[in-house]
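Only one structure is covered here, and it is reproduced in the block below.
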Amino acid sequence: MIDLRSDTVTRPTAAMRAAMAAAPVGDDVYGDDPTVRRLEQRLAGDLGFEAGLFLPSGTQANLVALLCHCQRGDEYLVGQEAHTYKYEGGGAAVLGSIQPQPITQAADGSLPLTALAAAVKPDDPHFARTRLLALENTWHGRVVPQAYVVEAAAWARSRGLAVHLDGARLYNAAVASGVPAADLAAPFDSVSVCLSKGLGAPVGSVLAGSAALIAQARRWRKMLGGGMRQSGLLAAAGLHALDHHVARLAEDHARARRLAEGLAEAGYAVGGCHTNMVFVEVPVARLPAFASHLDAHGVRASIGYLPTVRLVTHLDLDDAAIDRVIEVMRAFQAARP
Ligand SMILES: *Cc1c(COP(=O)(O)O)cnc(C)c1O
């Protein structure tokens, strides 16, 4: 199987497994796991924050951040197509009584400042209290323009709002733009980063922020059931990923471009190629046949979640796999009735 559904499908490399096996561990709920500490300090330091917290998933990292920034009856401004709003089970509303105020993203992933300004509620008992702006970078693979991020964060602060970044793929953005991750993270009060996407760790995210925010986050994590014991085994995979799998994200981006070019040449309408993601338009009427063609030829893609088919490159795919995918998809185009 050549699996391009997501960059979450990567399996730990032999070197990563060796690092996991060798990691010194302790009970992290007691604060005794040296490897978890090292990962938290490492990522917080890399991103320019005082403290970090290792969590089992990006969903929990974002939820914990929202719970820190917002109280019951508060609201956060968030993209209509943002992961935090759309793909995390409504957790902030369900578990935090935090109201989302979705804003339609522009094509580049920005939330237009005029729309944001119009959505901020006056201090009036009719309304929820607007407290937070949440952005996402990369968004559907796109690197959100940093000039916009800086401007939006400054605007949010001028309105008394905190600013959170869902940086699940922040390192893809850093590698693709050549801007250090710390600079991309600088405008924010808190940033979540996934280790289990393109970085190739099996499990885990880190939330970075001020020492005070992370102390509060630690309490929320425990309450949500995310306090783990000898989790240094998992943190070691994250440390290994930060040491060995960041620069190589450029290979995933190059392979995505190669895939996009090959598919365009094979007659596909390529809707976009951003960092490690390629979006391809397949007519709805042909989707079932397309899905079974890929299945029959050992290729997996994300079909049916988005208006376009999504193909994601990652650590477990080499050039030969990309060529094979192009060949399989070309055969489907050639067989068009
Ligand atoms: C994957 C992802 C998350 C959540 O991560 P999980 O570990 O799958 O819970 C959050 N935000 C974005 C943008 C993601 O792609």
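The values are calculated or read from the model by the stated rules, or taken from the named source; none is laboratory data. A quick note: this is a predicted structure, and the numbers were derived from the prediction, not measured. Please note: Cβ atoms are built from the backbone with ideal geometry, for glycine as well, and neighbour counts cover all protein chains shown. Please note that ligands, DNA and RNA were not included when accessible areas were found on the heavy atoms of the full protein model with its side chains. Shrake-Rupley method; radii C 1.70, N 1.55, O 1.52, S 1.80 Å.
A few notes on this one:
- Note on the chain: with a GNM built from Cα contacts shorter than 10 Å, the maximum mean-square fluctuation among LEU55, LEU315, LEU199 falls on LEU315.
- Using R0 = 25 Å, the C-beta based FRET efficiency linking ALA335 and HIS244 works out to 0.05.
- PHE127 contributes about 90 Å² of solvent-accessible surface, heavy atoms of the protein only, 1.4 Å probe.
- Inter-part distance where region 258-337 and region 76-91 are each reduced to a Cα centre, Å: 27 Å
- Amide H contacts under 5 Å for TRP139: VAL144, restricted to partners 5 or more places along the chain or on a different chain, H placed in the peptide plane at 1.01 Å from N.
- In range of the label at ARG286: residues from region 249-280 whose backbone nitrogen is under 14 Å from the point 7 Å along Cα→Cβ: 263-271, 280
- HIS297, HIS164, ranked by accessible area, largest first (probe 1.4 Å): HIS297, HIS164
- Trypsin sites (Lys or Arg not before Pro) restricted to region 6-94 and DSSP loop, no more than 11 other C-beta within 10 Å: ARG72
- Rounded to the nearest 500, the 222 nm mean residue ellipticity of the chain from helices alone is -13000 deg cm²/dmol, with -39,500 (n - 2.57) taken per DSSP H run of at least 4 residues.
- Per-pair calculated FRET efficiency, R0 = 25 Å: LYS86 and SER302 via Cβ, rounded to 0.05: 0.95
- Compactness of the chain - radius of gyration and Dmax, Cα, Å: 20.5, 64
- Stokes-Einstein diffusion coefficient of region 18-166, Kirkwood radius over Cα pairs, 10 °C, 1.306 mPa s, in µm²/s: 94 µm²/s
- Working note: Karplus 6.51/-1.76/1.60 with θ = phi - 60° gives region 267-272 the couplings x, 7, 7, 7, x, x Hz, where Gly and Pro are set to x.
- With distances taken between every two different alpha-carbon atoms, region 1-90 has a Kirkwood hydrodynamic radius of 16.3 Å.
- Contour excess over end-to-end distance, with Cα ends at ALA117 and GLU327 and 0.36 nm allotted per residue: 70.8 nm
- Overall form of region 159-229 per C-alpha gyration tensor (a/c, 1.5; a/b vs b/c): oblate
- At an R0 of 22 angstrom, the distance between the Cβ atoms of ALA22 and ARG229 translates into a FRET efficiency of 0.75.
- Solvent accessible area, Å² - ASP295, 1.4 Å probe, full protein context: 90 Å²
- Extension gain (nm, one decimal) between ALA211 and SER97, 0.36 nm per residue minus Cα-Cα: 38.6 nm
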